[in-house]
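Notes follow the structure.
The values are calculated or read from the model by the stated rules, or taken from the named source; none is laboratory data. Source: prediction; values computed, not measured. Cβ atoms come from the backbone with ideal geometry, glycine included; neighbour counts cover every protein chain shown.
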Amino acid sequence: MNTRLSRRSLLSFGLLTLSSSFVRAQTPETHSIYLPMVIRSPLPGTLLGPATGTVEAAIAWLAPRSTAYTPYDVGVIVNGYASIGEAAGLDWFLAIAQCAHETGHLTSWWCQRPRRNPAGIGVTGETREAPPDQPPGPDWAWDETIQRWRAGLSFASWVDESIPAHLGRLLAYALPTGAGTTYQQQLIDYALWRRPLPDHLRGVAVTITDLNGRWAWPGTEYGQRILALAERMRGAGNG
């Protein structure tokens, strides 16, 4: 991993739709009238664009649920997503919802230190037997509980490595090869250096539901589950 850590310099630069149903109301004269009731529908989940939620809502949702990170840690993670995501023109709130979905709200083994894997990147479920000081390759993590190596990426820092790798990978799915701003391309380069993405998957995902069967397999409802979670997260800052 030392050779990977030396590459941090890559990143050092820094409808709502309305549906109407009707609610019957009675007037004092007992005449029936029908009033339109506005129902909020989930947002479409477009990856490129402004954030569809707030830092406050994301922290309010994750902080009481995470068993691996303190509220302060959660704040650092969420603000990291916000600052990098805004600079990259990516809906970072949707990425946070994906992180919450993948990690069980920052509780999973893979998201805990020292792995800090935010979205199952490189996690295949494969395990191998080998001495704890002899990893099968660069992207394996030792699991003390089962005394085996598990396939998947580990990151030395959330803000410097985990979040850029996650957002850069989303950008690679959203943008064709060669497209995007300089900053977007730098994030993509870093993410795909950490774990390559086949050429046929570049630019295939306009929305989070386009990742169905691609980011996760079979993942037939992968994006829909993330959208539903993001919708619940948006309301966390209101109460």
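Scanning the stretch 49-63 for residues that are out of contact with any Gly (no Cβ under 6 Å at 6 or more places or on another chain) and among the aliphatic types (A, V, I, L, M) turns up Ala51, Val55, Ala58, Leu62, Ala63. The condition (being more than 18 Å from Gly168 (Cα to Cα) and surrounded by 16 or more Cβ atoms within 10 Å (Cβ to Cβ)) is satisfied by just one residue among Thr52, Thr67, Thr124, Thr107: Thr52.
Suppose the filter is touching a Phe, Trp or Tyr at 6+ places or on another chain (Cβ under 7 Å) and modelled with pLDDT of 95 or more; does Leu187 pass it?
Values: touching a Phe, Trp or Tyr at 6+ places or on another chain (Cβ under 7 Å): no; modelled with pLDDT of 95 or more: yes.
Judged against the criteria, Leu187 is not a match.
Output yes when any residue across the stretch 69-87 is in contact with a Lys or Arg (Cβ under 9 Å, 6 or more places away or on another chain) and not in a helix (DSSP H, G or I), and no when none is. There is at least one residue in the stretch 69-87 that is in contact with a Lys or Arg (Cβ under 9 Å, 6 or more places away or on another chain) and not in a helix (DSSP H, G or I). Residues in the stretch 110-140 that are under 16 Å from Ala165 (Cβ atoms) and either among the acidic types (Asp, Glu) or not in a loop (DSSP other than H, G, I, E, B) (or both): Asp139 alone.
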